[in-house]
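Enquirer: I am attaching a structure below and will ask some questions about it afterwards.
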Amino acid sequence: MCGIVGYLGNGNAKEIVLDGLERLEYRGYDSAGVGLFDSERKTYRIFKEKGRIDDLKRVINTESAAAGIGHTRWATHGKVTKENAHPHTSRNGRFIVVHNGVVDNFRALRSEYLDAFRLESETDTEIIANLFEVFAAALPVQDAIREGLKRLEGSYALLIMDREDSGTVYAAKHKSPLLIGSAHSGVVAGSDLMALADHADAYLALEDGTFAELRPDGFSLYDLNGGALDYTLREMDAEVVESDKGAYPHYMLKEIHEQPIILRRILDAYTDEEERPDFPNSVLETIRKSGRIHILAAGTSMHAGLVAKPLFETLTEKPAEVHVASEFAHHTPLIDSDSLFILISQSGETADLRACLNRLKDEGYPTLTVTNVRTSTLAREADAFVEIHAGPEIAVASTKAYSAQIAVLSLLAHAAGASGMPMKREISNIAQSIEKFLEQADAVHDHVKSMLEGKSHAFYIGRGVDHAVALEASLKLKEISYIHTEGLAAGELKHGTLALIEEGTPVFALISQPSTALHTQSSISEIESRGGRVLTIGTEDVAEEAHIALRKTHPLLAPLVLVVPAQLIAYYAALELGNDIDKPRNLAKSVTVE
Ligand code: F6R
C-alpha cells in the first residue's frame, strides 16, 4: 500500500527519493508525489501526479535537491486525485508532510484545532500538517511537532519538512513501519527496507512513539517527551540489496524459480547437521504446552495455514484451526484458555492481523508470528516470531512466500512433535523435484494456451490438502489474469456448482492424496460427461496419467510441489492476456488498512 521515502544529504535527493519510490511500486499505488528542497532555486517545491511514477517524473523540473520526501498513495479515504496525493502542506506552507497510516480522530482534531482552516484535500494527512502549524505558532519546531503527534490516534509513519530549516527532516512512527538508514552520503528514510537498500549500509527500524531529527550527517532519536534515545544500527541485509529481476521478465517468474533455493535456505536455517530441527526452545515449548493451535492469516498466507493445519494435527497431535483474520477480529469464536495463536503474514503488516493481535494480547493469549519481514510490526509485537527467509517478495501475487511459510511451519510442527518423519530429507527432495519440474515450464505455457484462451471462468478442484491448494491456485489465477476462478472441494461440485459446467469449461483437477485420488477421478468423470475440459495435475504415485505429473512426495507436503504448476498457469495466463503481472489492478502488496 502507501510508501514513503526521504533523503537528506548531497544534491541527489531527487534521484534517491524517486528511486526509493520506484522500489516501493510493487506495494501498489495510484498516485505519487515528492517535496524537494531545490538547491538552485533555494526553495521548496512540490510535485504530485495521478498514475505512475513515470508520470510524476515528467512534471518534476527541479534539477538538484539537497533534501526530499516522497510518497506513493493507495487510495483508501478520498478519491484518487492530484489534490489527495501527498505531500500535503500546512495552510501557511511551512510544514510539508508525507504520511502512511490512518488517523482515526482526524474529524475531532479538525473541529477542535482547525475550524477556521480551509483544507485543500480530503485526507487526514493535511490535518496533521496543519496541527504542526497551529502548535508552531507558540512553540519551537520540535516541541510543536511532538505536541501534534501526541494528539494523533491511529497509525502513522511521517516524514516532515519545515520551510524554515532546509537542513533537517523530521520522522515519526506509530504502528506503521518506518526505517532510517545511514546513507553513503547522508541519511535516508523509508517505510520499507527496499526503499533504502541501495543507499544505506545500515539501518534502524523505529519503535512506536519515537521521533527522529534527520540531518545530512546523521540523526538523533527521541521519545515523544523529547527524551534522547540511544540506538544501534543494524547492517543492511544482503538479500534485500540483491533484489532485482535479473534475467527474468517479471518478478513473479523469478520468485517462482527461487523456490528450491529458498527451501534449502530454510533447511539450513532450521535444521542442524544431524538433520535435527533447530528452533528456539521457548517457541517449541509454547507449542508443546498449548492444548489447541489457532492459525490466523489472510489470502495466500491463510491458504498456507490450511496446509499447515493437518501437519500440526498429525505431527503434534493437537487440534488446529485456521481463521480468516478479517473475520476473527470481529467474530471471535469461543477459545480454550490453553490456546496458542500462530499469525502467518508475508509482510508482517496486514492490518486485519494486527487487529487480531491487539485483541489477543489484551486477553493474554500466547502469540507467534511467522513472517518474511523481521522488522515488521507483527514480528515485533507478537510474543515470538519465526522468519521464513524467502527474501524480498516483490510481485504482488505471492508465490515463494507461500511455499516458504509451508516449509517453515512443517519444520516447526515436526520439531514440536515427536514423529519419526524424515522432514529434512522430504523437503530437500521436494526442492529437487521443483527444480526438475521448472525445466519444463514451457509445457505449462502450452497447456494454458489450449485451456484458457478466450475463457472468462475456470475452476480448480481437489480434496483434503489438494483442496487447500485449489484455493490458492484459484486465487493466483484470478488475481493476475482477472479470469474468474473458483477453488472447490471436489466432492462439493455435485452440490451446486456442477450447474456451471458446460462445453469447454476449463477445470484443473489436483490429485496428490492416495486416500481420495479415486474420488477425485469420479468428480472428473462428472465434469467431462457434461463437456467440461479437465487438466489433471498430480503426483506420479497417485495420478500416473496426469497431464502435469510431479514426483511422488509425502502426501502432507504435496502442496509444495503441486502449487508450482498452478503458479505458472496463473503467470502464463496473465502473460497471454498482456496484463501487468507484477502489479495487478486494484491490489496492494501489503494491506495495511482493515
Ligand atoms: C495474494 C496475496 C495476498 C496476501 C494477503 C496477506 O497473492 O499475496 O492474498 O497473502 O494480502 O498478506 P500477508 O501475507 O502479507 O499478511
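The values are calculated or read from the model by the stated rules, or taken from the named source; none is laboratory data. Note that the structure is predicted; figures quoted are calculated from it, not measured. Methodologically, a virtual Cβ is constructed for each residue, glycine included, from the backbone with ideal geometry; neighbour enumeration extends over all protein chains shown. SASA here: full protein model, heavy atoms, side chains in, ligands and nucleic acids out. Shrake-Rupley method; radii C 1.70, N 1.55, O 1.52, S 1.80 Å.
Enquirer: Starting with the highest mean, order 326-336, 373-383, 49-59 by the number of other Cβ atoms within 10 Å, averaged over the residues of each peptide.
Expert: 373-383, 49-59, 326-336
Enquirer: List the residues, sorted by chain then number, that are 5 or more residues from Arg463 or on another chain and whose placed amide H is less than 5 Å from its amide H.
Expert: Distant-sequence amide H within range of Arg463: Ala490.
Enquirer: While we're on this one: What figure, in Å² to the nearest 10, do you get for the accessible area of Lys455 with a 1.4 Å probe and non-protein molecules left out?
Expert: Lys455 has an accessible surface of roughly 70 Å² with all protein chains in place.
Enquirer: While we're looking at this one, here's another question. Under the rule of -39500 (n - 2.57) per DSSP H run of 4 or more residues, summed and divided by the residues of the chain, what mean residue ellipticity at 222 nm is obtained, to the nearest 500 deg cm²/dmol?
Expert: Numbers: 20 runs with 217 residues, N = 594.
The per-residue figure over the chain is -11000 deg cm²/dmol.
Enquirer: Counting only protein heavy atoms and using a 1.4 Å probe, what share of the accessible area of the range 493-552 belongs to carbon plus sulfur, as a whole percent?
Expert: 46 percent
Enquirer: Ok, one more. Could you give me the radius of gyration and the Dmax of the chain, taking only the C-alpha atoms into account and expressing both in angstrom?
Expert: Cα radius of gyration and Dmax of the chain are 25.3, 80 Å respectively.
Enquirer: Can I ask one more? Cα to Cα, under 26 Å, and not fewer than 8 places away if on the same chain: which lysines meet these conditions relative to Lys82?
Expert: Lys14, Lys42, Lys48, Lys50, Lys57, Lys173, Lys583, Lys589
Enquirer: With every protein chain left in place, what is the accessible area per residue of the range 440-580 in square angstrom, probe 1.4 Å?
Expert: Solvent-accessible surface per residue comes out at 39 Å².
Enquirer: Follow-up. Rolling a 1.4 Å sphere over the protein heavy atoms, what is the accessible area per residue of the range 3-241, to the nearest Å²?
Expert: 38 Å²
Enquirer: For the range 306-447, place one equal point scatterer on every Cα, skip the solvent, and apply the Debye formula. What is log10 of I(q)/I(0) at q = 0.10, 0.17 Å⁻¹?
Expert: Debye curve over Cα of the range 306-447, log10 I(q)/I(0) at q = 0.10, 0.17 Å⁻¹: -0.40, -1.04.
Enquirer: A follow-up question, please. Considering only protein heavy atoms and a 1.4 Å probe, what is the carbon-and-sulfur percentage of the accessible area of the range 246-438? Numbers along the way, then the final one.
Expert: On the way: 3270 of 6870 Å².
Answer for the range 246-438 is 48 percent, counting heavy atoms of protein chains only.
Enquirer: How do the peptides 482-495, 31-44 rank, highest first, by the average count of neighbouring beta carbon atoms within 10 Å per residue?
Expert: Values: 482-495: 18.1, 31-44: 21.4.
Ranked by mean Cβ neighbours within 10 Å, highest first: 31-44, 482-495.
Enquirer: Show me, bin by bin at 5 Å from 0, the whole-percent P(r) of the range 161-303 based on Cα pairs.
Expert: Reading upward from the zero bin: 2, 8, 11, 13, 13, 14, 13, 12, 8, 4, 1, 0, 0.
Enquirer: Mind checking the per residue accessible area of the range 281-365 for me, 1.4 Å probe, whole number of Å²?
Expert: Per residue, the range 281-365 has 39 Å² of solvent-accessible surface.
Enquirer: Would you mind counting up the charge near Ala546? Only other residues with Cβ under 14 Å from its Cβ, with Lys and Arg at +1 and Asp and Glu at -1.
Expert: Net of charged neighbours comes to -3.
Enquirer: Using every Cα-Cα pair within the range 437-531, state what percent have a distance larger than 20 Å.
Expert: It works out to 36 percent of all Cα pairs.
Enquirer: Rounded to a whole number, what % of the accessible area of the range 3-241 do carbon and sulfur atoms account for, probe 1.4 Å?
Expert: Exposed carbon and sulfur together represent 45 percent of the surface.
Enquirer: Cα gyration tensor of the range 3-241, axes a ≥ b ≥ c as square roots of the eigenvalues: rounded (a/c below 1.5), prolate (a/b > b/c) or oblate?
Expert: On the way: a/c = 1.40, a/b = 1.15, b/c = 1.22.
Because its axes are fairly even, with a/c under 1.5, the range 3-241 counts as rounded.
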